[in-house]
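This report refers to the structure that appears directly beneath it.
Each value in this text was obtained by applying a stated rule to the coordinates, not by laboratory testing. What you are looking at is a predicted structure, and each value in this text was computed from that prediction instead of being measured. Note that we place each Cβ from the backbone using ideal geometry, even for glycine, and neighbour counts take in every protein chain shown.
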């Protein structure tokens, strides 16, 4: 009996196994050789059903990919080994399966969430901030009847300038303390506000 032909993938006789039966040699060749038995082997290839199932499971993550290498990285993250890729999906390696999935799943590019407008003013906060900065002046208006306009005008002007300057400096200091935490900034305001009131 003669030896079998090579059945390695990629060969010319990949799906055919030829077996030649032993028999007496004939000097004259015959048109039909009845001593040869041909067996048709099942063709090996990708399992389309398993690949379709995998593509459906990972469609939301394969769709935004812009290159098959991204799909390959996703498959590695999913824990697909080389043996699983060969035996279950019928592909020789990871990149072959990634290319098949990349071609099978349509490209989808989700729109990013709309970003908030950083220049949109907060009218309520601006109003509250203005009222806060106007409180020193309101105190002077309430205490006006107790002062003598002729002799204490200069003192009122100096106190107003000092109080507003102190408020601006205290606000700047509180913003700097925000880098270490809101509690530290609040402690700065609680400490500096009474001192500013005493100076005013």
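General remarks:
- For the range 48-104, relative contact order (Cα pairs under 8 Å, six or more residues apart, normalised by length) works out to 43 percent.
- Using every pair of distinct Cα positions in the range 57-200, the Kirkwood expression returns a hydrodynamic radius of 21.8 angstrom.
- The order of the peptides 103-116, 68-81 by mean Cβ neighbours within 10 Å, most packed first, is 68-81, 103-116.
- With R₀ set to 35 Å, the beta-carbon distance separating residue 180 from residue 123 gives a calculated FRET efficiency near 0.70.
- In nm, spacing of pseudo-spin labels at residue 53 and residue 156 (7 Å Cα→C-beta vector): 8.8 nm
- Virtual spin-label span in nm between residue 99 and residue 168, 7 Å along Cα→Cβ: 6.9 nm
- Sorted on the mean count of surrounding Cβ atoms within 10 Å across their residues, most packed first, peptides 96-102, 157-163 read 96-102, 157-163.
- Here the spin labels are modelled as points 7 Å beyond Cα on the Cα-Cβ line, and at residue 138 and residue 66 they lie 5.5 nm apart.
- Net lengthening on full extension, residue 78/residue 131 (0.36 nm per residue, minus Cα-Cα): 13.3 nm
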